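The values are calculated or read from the model by the stated rules, or taken from the named source; none is laboratory data. Treat the numbers as computed from the prediction; the structure is a model and nothing was measured. Cβ: placed from backbone, ideal geometry, glycine included. Neighbour counts: every protein chain shown.
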Amino acid sequence: MSKTLVAFFSRTGEQYGVGEITEGNTKKLAEVIAKKTGGDLFEIKVVEDNYPNKYTPLIQFAKKEKQENARPAIVGSVDNIEEYDNIFVGYPNWWADMPMPVYTFLEKHNLLNKNIYKFCTHEGSGGVHRDDFALFGHIAQNDSIETEKKVDEWLKGLGF
Ligand SMILES: Cc1cc2nc3c(=O)[nH]c(=O)nc-3n(C[C@H](O)[C@H](O)[C@H](O)COP(=O)(O)O)c2cc1C
């Protein structure tokens, strides 16, 4: 039996096209993927959470973090990472890139010989890397039927 981890970064507060949300778009998508793969969830959270809750200041904050190629410290790590064969990594598209804490996560773990599958929510740009699964954030947030359908298609294609 292979073991699956679903790690993700996601924000609440004001997000593009969905208003104020209490559960992030990527988080919702991650939960669907975890449910369908029997995977364990790991939320990538920063130690010092200075991300603004409003969209416009968040955009500026994230732009600076990307320009600096920052590696914000994240809370904890997956101590039993060696037990997992499949690792899903979810992120919101931020400035045509992954949020910097996702890089912190990737660099903090030994991912050698793992199957890595990346997924993303966005509002028009799609995924950052070829083969990343991409879903509109407002679909992940508001349309669970469409989300499940798209996830099913993707997982089927991956052989799950
Ligand atoms: C800082 C920031 C930068 C963004 N940059 C892009 C972008 O370049 N392209 C895009 O399609 N969406 C962009 N978005 C929209 C988010 O990818 C989208 O709203 C996503 O679903 C948010 O997910 P979350 O609720 O899990 O954080 C950006 C949003 C933020 C906050």
Among the candidates 121, 104, 56, residue that is under 17 Å from the mean Cα position of the chain (by Cα), in a helix (DSSP H, G or I) and β-branched (Val, Ile, Thr): 104
Sole miss for residue 4 among (1) under 17 Å from the mean Cα position of the chain (by Cα); (2) within 13 Å of the ligand (Cβ to nearest atom) is condition (2)
Condition broken by residue 51, with the remaining ones in (1) part of a loop (DSSP other than H, G, I, E, B); (2) out of contact with any Ser or Thr (no Cβ under 8 Å at 6 or more places or on another chain); (3) under 20 Å from residue 134 (Cβ atoms) satisfied: (3)
How about region 9-19: which of its residues are more than 8 Å from the ligand (Cβ to nearest atom) and either among the small types (Gly, Ala, Ser) or within 14 Å of residue 140 (Cβ to Cβ) (or both)? 13, 19
Take residue 61 and tell me if it is touching a residue at least 12 places away in the same chain (Cβ under 8 Å) and within 24 Å of residue 123 (Cα to Cα). no
Output the residues belonging to region 18-34 that are within 16 Å of residue 120 (Cα to Cα) and in contact with a strand residue (DSSP E or B) (Cβ under 9 Å, 6 or more places away or on another chain). 24, 25, 26, 27, 28, 29, 30, 31, 33, 34
Quick count over region 73-98, residues being away from the ligand (no atom under 14 Å from the Cβ) and either surrounded by fewer than 16 Cβ atoms within 10 Å (Cβ to Cβ) or closer than 19 Å to residue 47 by Cα (or both), is 11
Confirm whether residue 125 is of a type in the set (Ser, Thr, Tyr) and out of contact with any helix residue (DSSP H, G or I) (no Cβ under 9 Å at 6 or more places or on another chain). yes
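So, residue 153, is that one more than 9 Å from the ligand (Cβ to nearest atom), loosely packed, with under 13 Cβ neighbours inside 10 Å and in a helix (DSSP H, G or I) or not?
Numbers: more than 9 Å from the ligand (Cβ to nearest atom): yes; loosely packed, with under 13 Cβ neighbours inside 10 Å: yes; in a helix (DSSP H, G or I): yes.
So residue 153 passes the test.
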Please indicate, with yes or no, whether at least one residue in region 35-52 is more than 10 Å from the ligand (Cβ to nearest atom), of a type in the set (Ser, Thr, Tyr) and at pLDDT 95 or above. yes
Got a sec? Which of 56, 22, 26 is within 11 Å of the ligand (Cβ to nearest atom), over 27 Å from residue 145 (Cα atoms) and at pLDDT 95 or above? 56
